[in-house]
1. Pairs needed: first member in segment 345-371, open to solvent by 10 Å² or more (accessible area, probe 1.4 Å); second member anywhere, of a type in the set (Val, Ile, Thr) and at pLDDT 95 or above; C-beta distance under 6 Å; at least 6 residues apart or different chains.
2. Hand me the list of helices (runs of 4 or more DSSP H) wholly inside segment 1-79 holding 2 or more residues that are touching a residue at least 60 places away in the same chain (Cβ under 8 Å), under 28 Å from residue 308 (Cβ atoms) and open to solvent by less than 30 Å² (accessible area, probe 1.4 Å).
3. Which condition number does residue 47 fail, the rest of (1) over 21 Å from the mean Cα position of the chain (by Cα); (2) within 19 Å of residue 140 (Cβ to Cβ) being met?
4. Do you know which residues across segment 249-294 are open to solvent by 20 Å² or more (accessible area, probe 1.4 Å) and touching a residue at least 60 places away in the same chain (Cβ under 8 Å)?
5. For residue 203, work out the one condition from (1) under 23 Å from the mean Cα position of the chain (by Cα); (2) open to solvent by 20 Å² or more (accessible area, probe 1.4 Å); (3) under 16 Å from residue 238 (Cβ atoms) it doesn't fulfil.
6. Condition first: over 20 Å from residue 262 (Cβ atoms), assigned to a helix (DSSP H, G or I) and out of contact with any Lys or Arg (no Cβ under 8 Å at 6 or more places or on another chain). Now tell me which residues in segment 311-358 satisfy that.
7. Among the residues that make up segment 114-131, is at least one of them in a helix (DSSP H, G or I) and in contact (Cβ under 8 Å) with a residue 40 or more places away in the chain?
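The values are calculated or read from the model by the stated rules, or taken from the named source; none is laboratory data. Remember, predicted model here, so these are calculated numbers, not experimental data. Backbone-built Cβ (ideal geometry, glycine too); neighbour counts: all protein chains shown. We work out accessible area using only protein heavy atoms, side chains counted, and drop any ligands, DNA or RNA first. Shrake-Rupley method; radii C 1.70, N 1.55, O 1.52, S 1.80 Å.
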Amino acid sequence: MLKEFMPRSAARMADCLIGRNGLLTSRWSYDYGVVWRGMEALYALSGEKKYFDYIRDAMDTFVTDDTGAIRDYTFDSFNLDYVCNGRQLLYLYKATGEEKYRRAADVLREQLRRQPRTSDGGFWHKKCYPYQMWLDGLHMSAPFYVEYCLMTGDDEGVRDAAKQLTLAYEHTYEPRTGLNHHAWDESRAQLWSDPETGRAAHAWGRAVGWYMLGLADVLELLPADHECCEPLRAMFEKLAGRMLEVRVDGAWLQVMDCPGREGNYLESSGSCLMTCAILKAARLGAVPAEMGDAARESFRALQRHFVGQMRNGTLFLAKTCHGAGLGGRPDSYRDGSYAYYISEAVGSYDLKGTGAYIQAACEYERSMKDA
């Protein structure tokens, strides 16, 4: 990993990703949205239009006309992951005025309108995961939901998005440790769910990172005087304070409630997401300035632990868990145990990890300009 701190690494990492992967057009996938959000931030930071074009050129292979159709998107799977890329549809609509982006976003809004819910109104993570709320889903859905509803004057929808964030936090919170666990099953039918609380057994780092950045993005969107803003801000500050307490050498563990346990490791994507979220909240004035200072320390730790450089100057992000979930098919059931989380494949060049790093690097560079 990098032996010395590298300033202005957002553009370098983004250019390396573009050179390595080209346009992201293979499938309608949330990890593309994480990269595209990084490119949005980098375009805003640098003014280099190639980053805007990178998003638009890819999105135009998914949304080709004004019908609202999205290639490779399946409405009736009610998959919150599919909503993530709606942020780019709104971004492009606002930037270009092209109706095709708005109509595609309308489809995703309609999905949320019909999304199956728990008895207290929380979105199921997917149709195939009944009665389950996962922290991951709040990053995928809440910022789009809020942005769309603000754009259309739908304050009931804004309040519902805030409710989703609150329910997910409350249902996954473990009071003994002050940590949020990966998911919650209202039905208690899943083997991974605690029969008393419904919570998953562990606090997976990237799940908390997803949630934190989704919440920070919502705070960035909400007007400061909106009734939902202060409760969400206070919830973020509480969560961020606890996350800063459980860092290990500036970064975060794959399984945060098991420090020191054999096989546990510092994981890059969750660390990037949490760093970005706290930096963003500090920029917004949503948390005390000292939390922003701590997050800047964490960004420098990201480079120390996770950023590598090839001999030809190519940057890459290492130590990313490729994927972790809960439940699924009986022949490959993910039981949510500690052994499960540390068994998942770990590697470099992962899109969601790299996209999260670019977002964090942009927030870090903005914070240093403002310092």
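1. Every condition considered, the pairs that remain are 350/320; 351/35; 352/34.
2. Passing ranges, in order: 9-21, 30-46.
3. Every listed condition holds for residue 47 apart from (2).
4. 257, 261, 263, 264, 265, 282, 283, 284, listed by residue number.
5. The one condition residue 203 does not meet is (2).
6. 330, 331, 332, 351, 352, 353, 354, 356, 357, 358
7. The answer is no, given that none of the residues of segment 114-131 is in a helix (DSSP H, G or I) and in contact (Cβ under 8 Å) with a residue 40 or more places away in the chain.
Conditions (1) surrounded by fewer than 24 Cβ atoms within 10 Å (Cβ to Cβ); (2) closer than 20 Å to residue 105 by Cα; (3) modelled with pLDDT of 95 or more; (4) in contact with a helix residue (DSSP H, G or I) (Cβ under 8 Å, 6 or more places away or on another chain), marked per residue:
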site	(1), (2), (3), (4)
177	yes, no, yes, no
181	no, no, yes, yes
210	no, no, yes, yes
228	yes, no, yes, yes
233	yes, no, yes, yes
247	yes, no, yes, yes
